[in-house]
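Asker: Handing you this structure, nothing more for now.
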Amino acid sequence: MDLEAQAALVSSTVRMAHRSVTLRTNAILSLTLLAVVLTGCAAWEARQAALDAPNADVAGTWTGKTTGDGKFLPITLTLAQTSTDVTGMMNIGGRPDLSGRVTGSIKGELLTLSLTNPTRFGDIWVQQDNMLTSNAFELHFTLRRSR
């Protein structure tokens, strides 16, 4: 095989390898995008189901623990409810910046609370005597209603 034929063969092989890598990369990116979209759809559906549920009763005292600064902190949430309006007090041990008066509203199983000073807010999922969140007030916590 002469030099020109060898160069053509190498060039053809390189083009095929490049196409293979490009196709593989495109397939991986497509699958990743699909996974992100499906995850987002599932989260949206769960949120919508929580909003469409009958309004939860959140009145009472709720206790549990949250994580902060690498340790568990006790949390107490005492709430009063009138229709969909909610008011109360939140106390997180060791976090006076996240303790104080809260106001908010309930829509279905989703409780939206705001800490009045400083202003912070969060969504909390309520199911019967349990509350949980992964983002309210930049914390993760699970609470249980005291009886």
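Any read-out appearing in this document is the output of simple, stated calculations on the displayed coordinates, not a laboratory observation. These figures come from a predicted structure and were not determined experimentally. Note that we place each Cβ from the backbone using ideal geometry, even for glycine, and neighbour counts take in every protein chain shown.
Asker: I want to check the label-to-label distance for residue 130 and residue 105. Put each point 7 Å from Cα in the C-beta direction and report it in nm to one decimal.
Answerer: Label at residue 130, label at residue 105, 2.8 nm between them.
Asker: If Lys and Arg each add +1 and Asp and Glu each add -1, what is the summed charge of the other residues whose beta carbon sits under 15 Å from the beta carbon of residue 117?
Answerer: +2
Asker: Calculate, in whole percent, how much of the Cα-Cα pair population of region 60-145 lies beyond 23 Å.
Answerer: Counting pairs separated by more than 23 Å, the tail of P(r) holds 10 percent.
Asker: Could you check the spin-label model distance between residue 116 and residue 95? Points 7 Å from the Cα along Cα→Cβ, value in nm.
Answerer: In this crude label model, residue 116 to residue 95 measures out at 2.0 nm.
Asker: Order of 72-79, 127-134 by packing, highest average Cβ count within 10 Å first?
Answerer: Top of the packing list down: 72-79, 127-134.
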